[in-house]
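A.B. asks: Okay, here's the structure, questions in a sec.
Bear in mind that the values in this text are calculations on the coordinates, not laboratory data. These numbers come from a predicted model, not from an experiment. Cβ atoms come from the backbone with ideal geometry, glycine included; neighbour counts cover every protein chain shown.
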Amino acid sequence: MKLQNETLNRWADEIWDKIVNKVSQTSQRIGVSFPYASVNGTYTDEDADWWTNGFWPGLLWLIYQHNGNERLKSIAAACEEKLDEPLHAFTGLHHDVGFMWTPTAIAHYKLLGSEASKRRALTAASHLAGRYNAKGKFIRAWNQEERVGWAIIDCMMNLPLLYWASEITGDPRFHHIAVEHANTTLREFIRPDGSVRHIVHFDPETGERISVISGQGYSEDSAWARGTSWAIYGFTLSYRYTKDIRYLAAAKQTAAYFLSQLQPGQAPSWDFRAPADSKAIQDSSAAACTASGLLELAKHVTEEEAVFYEQKAIEILQLLDQYYGTWDDSNEEGLIRRATANYPKKHFVEVPIIYGDYYFAEAISKLRGNELSYW
Ligand code: GLY
């Protein structure tokens, strides 16, 4: 979309310049590595198989797409090559191969037609398809023995890798698996009020649901904010690839819930049903991911609804810019403050996190008219 309002256009351009300036600076230190969370202003560097490793190269591709900067392109391509190690080691990999190879290999393929990148993404898609449990009709999330029957809401964001693989190969089986998993998620994860569960445990032999597990949320009945964001964006993308109206309805329902829980002037609480003693802990990454998801959702609804979702996305992005942006702090490598990775485990609480930065930049890039989706 391109904004029609001149003031908003100027704002989006200014923010984009701030993103580009900061990332151009930080890329000189971060280079070919895998930043995850910013501690005291400096991004951590993760092992190659960590699920967030696609976001830094993805951020660099977004910028390259706008300005053709060859240095950033080389770093992004080298990060992608570094991911070959976990891709080919295979056994350590989990379901988050969509998060890892979509903003890297698929971005590279869509932007520059790299055949090696296409092969990498197809290899990742084959891995993801191989995690499908045909009895329970779900994709297994993680590898631990006791988690063989676990599926999680986040996987909705991995499904575009499968839809894309079917488009590229002409083989519908990847698409079939994505649809079955999305249907299971629709049935088992989305509550009538639009809040979502994080983990559902199925019997891996019979496919029967055994239990609901709280995971990164406060409890099995609570509403982990970022999980809601994955549902909003993920169901929107499943709708884009399938045109199944139930997915669009789920995206709208989860978006309505998310928006109804926001407090004026604040990013979401880490869990919308957190108890009083931790309710003030925020997760700005959920806001960034939701904003980008709402801009995608706006493409698939009536004009009136589109205006509403765009307006909500802009409000969120302006909030993040004004109160959470690190533009005035040259000692901070992250872009957006106060993202929370895992509050129950006290793992990176209220610090910049790479996926918050990525989705913020992705959303701003969309506002400036970028129509190419990596997802
Ligand atoms: N996919 C894990 C998370 O959102 O933290």
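A.B. asks: Just to confirm a number: summing +1 for Lys and Arg and -1 for Asp and Glu over residues other than L3 whose beta-carbon lies under 11 angstrom from that of L3, what do you get? Walk me through the numbers before you get to the answer.
C.D. replies: Working: positive: K2, R10, K366, R368; negative: E6, D13, E310.
Neighbourhood net charge equals +1.
A.B. asks: Then there is this: Search the structure for amide H atoms under 5 Å from the amide H of N342, placed 1.01 Å from N in the peptide plane, and list their residues when 5 or more places away or on another chain.
C.D. replies: Amide H neighbours of N342: H347.
A.B. asks: Per residue, what volume in Å³ does the Cα convex hull of the range 177-272 take up?
C.D. replies: Taking only Cα atoms, the range 177-272 has a hull volume of 92 Å³ per residue.
A.B. asks: While we're looking at this one, here's another question. Based on the alpha carbons, how large is the Rg to Rh ratio for the range 81-240 when Rh follows Kirkwood?
C.D. replies: 0.97
A.B. asks: I'd like the Karplus ³J(HN,Hα) series for the range 87-98: coefficients 6.51, -1.76, 1.60, θ = phi - 60°, whole numbers in Hz, and an x wherever there's a Gly or Pro.
C.D. replies: 4, 8, 5, 6, 5, x, 6, 10, 7, 7, 5, x
A.B. asks: Return the long-range amide H neighbours of S114 (sequence gap of 5 or more, or a different chain), with a cut-off of under 5 Å between placed amide H atoms.
C.D. replies: When sequence neighbours closer than 5 places are left aside, the close amide H contacts are Y109.
A.B. asks: At q = 0.13, 0.16, 0.29, 0.30 Å⁻¹, what log₁₀ I(q)/I(0) does the range 271-324 have when each alpha carbon counts as one equal point scatterer in the Debye sum?
C.D. replies: Once normalised to I(0) and log-transformed, intensities are -0.39, -0.55, -1.03, -1.06.
A.B. asks: Provide the descending list of Cα extents for the range 200-241 along its principal axes, expressed in whole angstroms.
C.D. replies: Largest to smallest, the principal-axis extents are 32, 27, 12 Å.
A.B. asks: Could I ask something else about it? Would you mind estimating how fast the range 219-265 diffuses translationally, via Stokes-Einstein at 10 °C and 1.306 mPa s with the Kirkwood radius over Cα pairs, in µm²/s? Before the final figure, lay out the partial values.
C.D. replies: On the way: Rh = 11.2 Å.
Here the translational diffusion coefficient equals 142 µm²/s.
A.B. asks: Something else about it: For n ≥ 4 DSSP H runs only, could you compute -39500 (n - 2.57) per run for the chain, divide by its residues and tell me the 222 nm figure to the nearest 500? Working shown, then result.
C.D. replies: Numbers: 14 runs with 190 residues, N = 375.
After summing the helix terms and dividing by residue count, I get -16000 deg cm²/dmol.
A.B. asks: Output ³J(HN,Hα) for the range 107-117: one whole-Hz value per residue in order, computed from phi by the Karplus curve 6.51 cos²θ - 1.76 cosθ + 1.60 with θ = phi - 60°, and x for Gly and Pro.
C.D. replies: 4, 4, 5, 5, 7, 10, x, 4, 5, 4, 5
A.B. asks: Now for a separate question. Can you tally the net charge around A286? Count Lys and Arg as +1, Asp and Glu as -1, for every other residue whose Cβ sits under 15 Å from the Cβ of A286. The partial results should precede the final answer.
C.D. replies: On the way: positive: R226, R273, K279, K312, R337, R338; negative: D154, D271, D283, E315, E350, D357, E362.
Spelling it out: positives minus negatives among the neighbours equals -1.
A.B. asks: Report the Stokes-Einstein translational diffusion coefficient (µm² s⁻¹, integer) for the range 307-369, Rh taken as the Kirkwood radius over Cα pairs, at 37 °C with viscosity 0.692 mPa s.
C.D. replies: On the way: Rh = 12.6 Å.
In µm²/s, the coefficient rounds to 261.
A.B. asks: Further, regarding this structure: What does the charge count near T340 come to, summing +1 for each Lys or Arg and -1 for each Asp or Glu among other residues with Cβ under 13 Å from its Cβ?
C.D. replies: On the way: positive: R226, K279, R337, R338, K345, K346; negative: D271, D283, E350.
Cβ neighbours under 13 Å give a net charge of +3.
A.B. asks: Go ahead and set up a Gaussian network model of the chain, Cα springs under 10 Å, then flag whichever of P35, P204, P192 fluctuates most.
C.D. replies: P192
A.B. asks: Separate question: What ³J(HN,Hα) values, in whole Hz, does the Karplus curve 6.51 cos²θ - 1.76 cosθ + 1.60 give for the range 296-308 when θ = phi - 60°, with x put for Gly and Pro?
C.D. replies: Couplings: 6, 4, 4, 7, 10, 10, 5, 4, 5, 5, 4, 4, 4 Hz.
A.B. asks: At q = 0.17 Å⁻¹, what base-10 log of I(q)/I(0) does the Debye formula yield for the range 241-340 when every alpha carbon is treated as an equal point scatterer in vacuo?
C.D. replies: Debye intensities relative to I(0), on a log10 scale: -0.81.
A.B. asks: Same structure again: Order these peptides, 253-260, 302-309, by their mean beta-carbon neighbour count within 10 angstrom, highest first.
C.D. replies: 253-260, 302-309
A.B. asks: Quote the Stokes-Einstein diffusion coefficient, in whole µm² s⁻¹, for the chain, based on the Kirkwood radius over alpha carbon pairs, a temperature of 25 °C and a viscosity of 0.890 mPa s. Mind dumping the intermediate values first?
C.D. replies: Numbers: Rh = 20.4 Å.
Estimated via Stokes-Einstein, D reaches 120 µm²/s.
A.B. asks: Follow-up. Skipping prolines and chain starts, which residues have an amide H placed within reach, meaning under 5 Å, of the one on G325, given they are 5 or more residues away or on another chain?
C.D. replies: R337
A.B. asks: Within the range 216-352, how many Lys pairs sit with Cα atoms under 18 Å apart, leaving out pairs fewer than 8 places apart on the same chain?
C.D. replies: Details: K243/K252; K243/K299; K252/K299; K252/K312; K279/K345; K279/K346; K299/K312.
Lysine pairs meeting both conditions in the range 216-352 amount to 7.
A.B. asks: Looking only at L319, L112, L161, which one moves most when the chain is put into a Gaussian network model with springs between Cα atoms under 10 Å?
C.D. replies: Looking only at L319, L112, L161, the largest GNM fluctuation is found for L112.
A.B. asks: Sticking with this structure for a sec: Rounded to the nearest whole Å³, what is the per residue volume of the convex hull around the Cα atoms of the range 80-148? Walk me through the intermediate numbers first.
C.D. replies: On the way: hull volume 5.5 nm³, N = 69.
With only Cα atoms used, the range 80-148 gives 80 Å³ per residue.
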